[in-house]
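One structure is given here, and the rest of the page talks about it.
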Amino acid sequence: MGGVVPDEGPGGVKAPDGGWGWAVLTGCFVITGFSYAFPKAVSVFFKELIHEFDVGYSDTAWISSILLAMLYGTGPLCSVLVNRFGCRPVMMVGGLFASLGMVLASFATSIIHLYICIGVITGLGLALNFQPSLIMLNRYFSEKRPLANGLAAAGSPVALCCLSPLGQYLQFEYGWRGGFMILGGILLNCCACGALMRPLLLPKAPKDAEGEVKEIQEKNPQPAEKKKLLDFSVFRDRGFLIYTVAASVMVLGLFVPPVFVVSYAKELGNADTKSALLLTTLGFVDMFARPICGVIAGLKWVRPRCVYLFSFAMIFNGVTDIVGSQATDYPGLVWFCIFFGISYGMVGALQFEVLMAIVGTEKFSSAIGLVLLMEAIAVLVGPPGAGRLLDATKNYMYVFLLAGCEVVVAAFIIALGNFFCLPKKQDQEPESRLEMAMSACEKEGLNHEEAGSEEGPETQNEDEGKTAGPQEKTVNGLAGEIDGEVKPENGV
């Protein structure tokens, strides 16, 4: 971001809210789909892997667990790489890793090989794509960011609806080895998505402004501040701390119902195909809930209160789990999946939008990595913990009750924390003020040029002394703030 290969994000770059941003959104849509749906799509091959390597279901389940752990747990590493090299090269290398892992997995001779190839290598590759894509989305969209986040998040249910049937077809036609090889080729599309992540460039300043900036930099040279590879100062932000705690508690129960709802339906005496249809219903509703929630979150009177909308979505999700725990027949589970799909889509559309609003563009690359690391712990504890509870009680009702209570507690943490612990009115972000200064400078220069062309050369020369004063002040202030933050390619 900003005129150099590493995307350092100078404050003078205003989010275009469109243009090439729609291409970035398309890439983010695809990456989000691969990242969230791929661990579930791989599970289609588990029965054949159990027969091939003579292992249990719990052994094969570790493949998806390790993959998810890499996707979440490598957040800080991704932040460091993005801040050092930029989003585009990190994503393209990540796409190669994701593809390489699946291709190597097709030659596996033991379950350990699959842990390393799919879990570690492919998981790392997807992580190197997922986080940078969200960072670029945040940089390209500002006013339309809630809608952009909702559309990008819709990639998860869409990809799940496509990859699961595709995995079944590949297994039937080519076996698990051929299926892994083809899926590895499909993951090369991550490199194409990474190529779409074009860094933003600083707008060209007027010629007289360029001269003023150069002159000021020569007279008052300032040492360039070194970019932090991982900014831990976000932990001094109370809003970020509240969000991190709430998100970690939420993840403990958020992913539990989709894991157990099919088994719950089978426990009630329903056929396998009929039970699996519940996840299809959930995914179909989720697919539309995410962009619709993004539109609602972008409304003028809703966006300043987006944190409370996020809290409402979590309460909605938790209450749905609690009520769904009382389902005793298949129609009851169908209604549960419909309402769970709506609430789950709302949470998915808002979770990163709220984080972006709390920490801002400059610190988002570090903040998301640290949040994902905390969530990784909860992801590894939540579903296995629910499984232990199921083994102890032999009753799915307690599993859904626990999951719902955890999500509701997270909702109260973030809502009450923001209401009581944060000031009602916060000062405008420095980068927002700088963007306004840049816009004012450009607008004033444009008006000056138009006035000069209309009044003629003589009048223009007389007015130069009058108009140069305010513009010079604007440029001086702008140069002082930009000088220590970014060094554009042309040296301005």
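General observations
- Dipole check for region 258-383: with +1 at the C-beta of Lys and Arg, -1 at the C-beta of Asp and Glu, and the Cα centre as origin, the magnitude is about 380 Debye.
- The label-point distance for Tyr398 and Arg303, in a model that sets each label 7 Å from Cα toward Cβ, rounds to 4.7 nm.
- In terms of distances greater than 20 angstrom between alpha carbons, the cross-link table entries Lys40/Lys144; Lys228/Lys363; Lys144/Lys228; Lys40/Lys274; Lys40/Lys363; Lys40/Lys394 yield Lys40/Lys144; Lys144/Lys228; Lys40/Lys363; Lys40/Lys394.
- Euclidean distance of C-alpha centroids, region 34-49 and region 164-205, integer Å: 15 Å
- Ligands, DNA and RNA excluded, the heavy atoms of Glu52 present near 90 Å² of accessible surface to a 1.4 Å solvent probe.
- Stretch gain in nm, segment Phe172-Ala195, where the contour uses 0.36 nm per residue and the Cα spacing is subtracted: 4.9 nm
- Structural descriptor for region 224-359: relative contact order 34 percent, calculated from alpha carbon pairs under 8 angstrom and at least 6 residues apart.
- For region 295-306, 3J(HN,Hα) computed residue by residue from phi via the Karplus equation (6.51, -1.76, 1.60; θ = phi - 60°) reads 5, 5, 5, x, 5, 4, 8, 9, 4, x, 10, 4 Hz, glycine and proline entered as x.
- Comparing Cα centroids, region 391-425 and region 261-307 end up 18 angstrom apart.
- Ranking Phe53, Phe232 by solvent-accessible area of protein heavy atoms (1.4 Å probe, all protein chains present), from largest to smallest, gives Phe232, Phe53.
- Neighbours of Phe172, meaning other residues whose beta-carbon lies under 14 angstrom from its beta-carbon, give a summed charge of 0 when Lys and Arg score +1 and Asp and Glu score -1.
- Selection from Leu137, Leu104, Gly119, by position along the positive dipole direction of region 41-196 (Cβ): Leu137
- Added length on full extension, which subtracts the Cα-Cα distance from 0.36 nm per residue, Trp335 to Ser43: 102.6 nm
- Ranked from largest to smallest solvent-accessible area, with a 1.4 Å probe on the protein heavy atoms, Trp20, Trp176, Trp62 come out as Trp62, Trp20, Trp176.
- Alpha carbon centroid spacing (whole Å) that separates region 87-147 from region 313-382: 22 Å
The values are calculated or read from the model by the stated rules, or taken from the named source; none is laboratory data. Computed from a prediction, not measured in an experiment: that's the story for all the values here. Positions of Cβ are backbone-derived with ideal geometry, glycine not excepted, and every protein chain shown enters the neighbour counts. Please note that ligands, DNA and RNA were not included when accessible areas were found on the heavy atoms of the full protein model with its side chains. Shrake-Rupley method; radii C 1.70, N 1.55, O 1.52, S 1.80 Å.
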